[in-house]
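What follows draws every value from the coordinates through simple rules; no lab data is involved. Keep in mind the model is a prediction, meaning the values are calculated, not measured. With ideal geometry, Cβ positions are generated from the backbone for all residues, glycine too; neighbour counts draw on all protein chains shown.
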Amino acid sequence: MSDLLTLAPEGLFCSQAGAHIDPIRPVEKAIITHGHADHARAGHGAVLATRQTLDIMAIRYGENFCGTAQSAECGETLTVGGVTVSLHPAGHVLGSAQVLLQKGGRRTVVSGDYKRQSDPTCAEFELIRCDTFVTEATFGLPVFRHPPASQEIDKLLSSHDLFPEQAHLVGAYALGKAQRVIGELRAAGYEKTIYLHGALEKLTAYYQSQGIDLGSVEPVAKRGKELQGEIILCPPGQLADRWARRFGDPVTAMASGWMRVRARARQRGAELPLILSDHADWDDLCRTILETGAEQIWVTHGAEEALVHWCELNGRKARPLNMIGYDDGEDADNAVAAEV
Ligand SMILES: [Zn+2]
Ligand SMILES: [Zn+2]
């Protein structure tokens with residue numbers, strides 16, 4: 001299938017480099033695309049990733065999250081067991097990278113999670129021409145078309161104008177989404193202090209330490225009703241929790257690509273669904289597949305069958321990977337939100 005990759009029980013494996021990519025179980029050598037919990041797990045022997053992904057893993061799992069860690073700059077080439085390995089921005093969250101494997105003129109790219117929409121908090125997706133492209137398919141159905149982020153942020157700001165006495169509570173995952181919501185609010189001209197649930201503090205501080213300008217952000221700490229009229233970010237699970245009641249009668253919003261689905265918004269207790277995703281939507285998945293020029297497409301976590309079918313209609317060889325251990329990516333952070 002691919003000259004460079006096979007599918008092992010632990011995940012994608014490059015036998016010539018002796019390395020797994022985003023393995024779901026501890027392995028000897030792992031290349032990690034980004035810090036979300038379903039891709040970046042603790043306990044590997046050696047890990048290769050961007051400096052920022054390694055930092056994020058250390059924040060989440062502690063300094064001893066692996067035996068030895070090696071960082072690579074985006075675009076830097078390394079030789080591992082005769083395979084040339086390089087990392088390239090994926091536009092998903094801070095530090096996220098696609099993995100390019102090259103040998104004998106053959107090129108395979110593993111995208112990890114990616115998006116094409118602009119994001120003030122991470123480097124833009126870099127298109128890489130290749131023979132085999134391993135794409136995610138979190139939103140791999142034509143119903144998923146993400147509106148511009150500014151449009152969704154305007155919904156939040158309009159509600160904030162309309163109900164100036166109420167706190168606006170926005171559910172957002174701890175890594176990536178929370179910081180992007182803040183960045184997009186700043187881009188829209190919102191200058192007031194933005195308040196954070198404790199579970200979002202460490203990673204937000206890390207983004208700031210990396211030069212991402214988020215303006216004034218403060219922990220909620222013990223405050224409650226005195227934050228009426230403010231915008232407050234929290235992990236999605238907190239929206240319907242007792243914690244939310246300290247703000248009186250807040251307007252509850254949730255920022256996720258899944259907010260396209262009304263039932264999901266209801267299930268989350270979000271009155272104001274904001275369709276804001278760090279994954280490519282259907283159009284961007286299809287466009288990216290075409291632009292890579294790849295003849296072989298491997299499709300992983302998400303709606304694999306629909307995208308495989310689309311690839312075949314468009315003259316590409318495609319296979320669903322049916323890997324277990326990855327969830328939809330946007331819910332991945334929920335389980336660990338309490339830890340960070
Ligand atoms: Zn993912
Ligand atoms: Zn992810």
Evaluate the Kirkwood expression for the hydrodynamic radius of segment 89-158, namely the inverse of the mean inverse distance over all pairs of different C-alpha atoms, and round to one decimal in Å.
-> 13.8
Based on alpha-carbon positions alone, could you give the equivalent ellipsoid semi-axes of the chain from the gyration tensor, as √(5λ), descending, whole Å?
-> 35, 22, 16
Fully extended, how many nm does the chain gain between THR6 and ARG106 (0.36 nm per residue separation, minus their Cα-Cα distance)?
-> 34.5 nm
What share of the DSSP beta bridges in the chain is antiparallel, in percent to the nearest 5?
-> 35
Give me the percent of DSSP beta bridges within segment 37-144 that run antiparallel, rounded to the nearest 5.
-> 60
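Using DSSP to define loop residues, name the GluC sites (Glu not before Pro) in segment 174-210 whose beta-carbon has at most 15 other beta-carbon atoms within 10 Å.
Within segment 174-210, the qualifying GluC sites (Glu not before Pro) (loop, at most 15 other Cβ atoms within 10 Å) are GLU191.
Figure the gain on full extension for LEU313 and ASP213 (residue separation times 0.36 nm, minus the Cα-Cα span) and round it to one decimal in nm.
31.6 nm
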Rounded to the nearest 500, the 222 nm mean residue ellipticity computed for the chain from DSSP H runs (n ≥ 4, each -39500 (n - 2.57)) alone is -6500 deg cm²/dmol
Each label sits 7 Å from Cα toward the beta-carbon; between ALA240 and THR193 the label points are separated, in nm, by 3.2
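Classify segment 36-160 from the C-alpha gyration tensor, please: rounded if a/c falls under 1.5, else prolate or oblate depending on whether a/b exceeds b/c.
It comes out oblate by the Cα gyration axes.
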For LYS222, go through the lysines and keep the ones whose alpha-carbon is under 27 Å away, minus same-chain ones fewer than eight residues off.
-> LYS177, LYS192, LYS202
Between the helical axis of 149-162 and the dominant principal axis of the chain, each derived from Cα atoms, what acute angle in degrees is found, rounded to the nearest 10?
-> 10
Would you mind pulling out the separation of the Cα centroids of segment 257-296 and segment 197-232, in Å?
-> 26
Rounded FRET efficiency, nearest 0.05, which uses the C-beta distance separating THR68 from ASP249 and R0 of 35 Å | 0.10
For the pair LEU78 and VAL261, the simple spin-label estimate (label points 7 Å beyond Cα toward Cβ) gives in nm 3.6
In whole percents, the bins of 5 Å from zero upward hold the Cα-Cα pairs of segment 149-274 as 2, 11, 24, 26, 22, 11, 3, 0
